[in-house]
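Remarks on the structure that follows.
The values are calculated or read from the model by the stated rules, or taken from the named source; none is laboratory data. As the structure is a computational prediction, the values presented were derived from the model and not from experiment. Here the Cβ is made from the backbone with ideal geometry for all residues, glycine too, and neighbour counts use every protein chain on show. Only protein heavy atoms, including side chains, enter the accessible area calculation; ligands, DNA and RNA are left aside. Shrake-Rupley method; radii C 1.70, N 1.55, O 1.52, S 1.80 Å.
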Amino acid sequence: MTPAAGRGEHVPSPLGASGSEEPEVQAPGGPPGRSLGEIEGRDPARRRPDCPSWTVPALDTALARVALTRAAVGDRFPLFAEPDGDGRWTTTSRGSWTGGFWAGLQWLRALRTGDVQDRVAARAATARLARWAEADTATRGLILWYGTAHAAGDPDATALRERAAHACLAAMDPDLGLVPWGAAFGGERLLARADGAPGMGPLLTAAGPAGRAAAESHLRRHLALCLGGRHPAWRFDGTGWQPCEEPPPDWSRGHAWLLLAVAEGTALGMDLSAERERLTASLESAPLVPHADASHCDVPLDTSAAAITAVALLMLARADDSRRRAGRFRARAVAVLDRLVHAHMASGRLLDGCYDAGSGLAVRHQLIWGDYFLVLGLAALTGLVDL
C-alpha cells in the first residue's frame, strides 16, 4: 500500500517478482443473500439475553452472503464490490492488505455453521496468506492477525501466526521503536501510519515475551505520533519524524484504526487510559457513521470506519473495570451496528463504504473489511465470539 495520493489508502499491489500482482478482475456478486436459517436449517433465534433481536438475523444474512461471494471470486480475494446491480467484485490474486479480512469472514461463517466445507474453505484462504508472513509491511498485523484470529485452534493457522509473529519481531527497528510501514507496496519504507497499528500488537505477542515488549513499543510509538501530532501518517527523514500530507488529519478510518489498536492493547493489559479517553472524548456528539474526511461533509460516508469503531468499543467495554464507562461504550457500539444494519445493509452487503474519497475510488461500495468488522461486531453481540 503506497502512501495515499488521495484521502485513504490506494489499491496496493502486493510484493511479487515484478513488484505487482496480476491485474484486478471483476467477479459477479451473485443473487441476493438468504439467512443461514434458510440455507443451513439452523435455529436463527438463539442469542444472548442482552442481545438485540435484530442481531442474529443480520449476522446470518451477512454470513450467507459470504458463501455467495466465495462462489463468485473462487481463489481470488474480494476487495470491493459495486453498490448497484449484481454487486460485481473487484478482486486481487494475493489479497493485498485486506486478504486477512476475507479469511476471517470465512472462519466466522465456519464458526456459525459448524460445516466442514466452510472450515475447509477458511483454511484454504488462510493458507494463501502465507506469502505475507515475511513481506516487508506493517499491514501484516491486519493480514495475519485477523486472518487467523478466529481459526479455533487450527494448527496450520496457529503455525502461520507464530511464523509471522517472529518475522515481524525480526523486522522491529529498535531505534525507531516500531515495525516500519515497509516497502512491500512501494513508496517510502520508514513510515508510521495509523493503519499499521491494529493487529500488530496481538500478532507480535505470539512471539513470546520479546514479542510482547515489541508490541507495546510499536503501539505506543504510533499513538505518540498519530495522536500527539494529529496526522495519521508520519515519515522518518533520518533525523526525526515529519508528518505526511496524506491521508488527511481528519481521515475517519485513521481514528477508527487507532481506537481499535488501543482496544487491542488494553486487552493485552497495557495501560492506555489516556489514549482511550482522548479517542472517545467526543463519542456521543460524533455521527454514528462518519464522513470519510470528518472535516468535510461534502465527501461520502464511510461505513467501514463505523464498523471498525463498533468492534473497538465492544472490546473496550469488555475490558473496562468501570461499569458506567463499559455501558457507555457498549451502548454506542450497539447504536452504530443498528444504524449500519438498518440503513446501510442490503441483502447481507454493507454498502456506503469509502475506499479513497480523494481519488474517487470505490466511494459508496461494499468493502471487504467493512463486511468483516460488521460481522465481527454482530458475532460478538450474539455471543458467537469473544473479543
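Restricting to the stretch 136-164, give me the number of residues that are buried (at least 19 other Cβ atoms within 10 Å of the Cβ) and in contact with a Phe, Trp or Tyr (Cβ under 9 Å, 6 or more places away or on another chain).
If we filter the stretch 136-164 for residues that are buried (at least 19 other Cβ atoms within 10 Å of the Cβ), which is where we start, we get 137-151, 157, 160-161, 164.
With the extra rule that they be in contact with a Phe, Trp or Tyr (Cβ under 9 Å, 6 or more places away or on another chain), the set shrinks to 137-140, 142-144, 146-151, 157, 161, 164.
So the count comes out to 16.
Among the candidates 189, 235, 221, which residue alone is of a type outside the set (S, T, N, Q), modelled with pLDDT of 95 or more, farther than 20 Å from residue 311 by Cα and touching a Cys at 6+ places or on another chain (Cβ under 7 Å)?
235
State whether the residues of the stretch 185-198 include one that is under 19 Å from residue 384 (Cβ atoms) and either touching a residue at least 60 places away in the same chain (Cβ under 8 Å) or assigned to a helix (DSSP H, G or I) (or both). Spell out how you get there, then give the answer.
The first filter runs over the stretch 185-198 and keeps only residues under 19 Å from residue 384 (Cβ atoms), leaving none.
No, the stretch 185-198 contains no residue that is under 19 Å from residue 384 (Cβ atoms) and either touching a residue at least 60 places away in the same chain (Cβ under 8 Å) or assigned to a helix (DSSP H, G or I) (or both).
Can you tell which of 117, 106 is surrounded by fewer than 17 Cβ atoms within 10 Å (Cβ to Cβ), out of contact with any Lys or Arg (no Cβ under 6 Å at 6 or more places or on another chain) and not charged (D, E, K, R)?
Working: 106 fails: surrounded by fewer than 17 Cβ atoms within 10 Å (Cβ to Cβ).
When all the criteria are applied, what remains is 117.
Restricting the stretch 165-189 to residues that are more than 17 Å from residue 201 (Cα to Cα) and of a type in the set (Asp, Glu), which is surrounded by the most Cβ atoms within 10 Å (Cβ to Cβ)?
Within the stretch 165-189, the subset more than 17 Å from residue 201 (Cα to Cα) is 175, 183-189.
Filter once more, keeping what is of a type in the set (Asp, Glu): 175, 188.
Values: 175: 6, 188: 16.
Only one residue tops the list, namely 188.
Do the conditions hold for residue 323, that is, is it touching a Leu at 6+ places or on another chain (Cβ under 7 Å) and surrounded by fewer than 20 Cβ atoms within 10 Å (Cβ to Cβ)?
Details: touching a Leu at 6+ places or on another chain (Cβ under 7 Å): no; surrounded by fewer than 20 Cβ atoms within 10 Å (Cβ to Cβ): yes.
Spelling it out, it is not the case that residue 323 is touching a Leu at 6+ places or on another chain (Cβ under 7 Å) and surrounded by fewer than 20 Cβ atoms within 10 Å (Cβ to Cβ).
With the condition kept exactly as written, say whether any residue in the stretch 245-261 is in a helix (DSSP H, G or I) and aromatic (Phe, Trp, Tyr). Please lay out each step first, then the result.
Residues of the stretch 245-261 in a helix (DSSP H, G or I): 252-261.
Right, trim to aromatic (Phe, Trp, Tyr) and you get 257.
Within the stretch 245-261, one or more residues are in a helix (DSSP H, G or I) and aromatic (Phe, Trp, Tyr).
Each row is one residue, and each column tells you yes or no for (1) of a type in the set (Asp, Glu); (2) open to solvent by 60 Å² or more (accessible area, probe 1.4 Å).
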position	(1), (2)
240	no, no
246	yes, no
258	no, no
274	no, yes
279	no, no
283	no, no
290	no, no
293	yes, no
303	no, no
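Restricting to the stretch 339-369, name every residue that is open to solvent by less than 10 Å² (accessible area, probe 1.4 Å) and in a helix (DSSP H, G or I).
Correct list: 340, 368, 369.
Could you please tell me which pairs satisfy a Cβ distance under 6 Å, a separation of 6+ or placement on different chains, a first residue in the stretch 301-324 that is over 15 Å from residue 375 (Cβ atoms), and a second residue that is among the β-branched types (Val, Ile, Thr) and in a helix (DSSP H, G or I)?
Within 6 Å, the pairs are 319/266.
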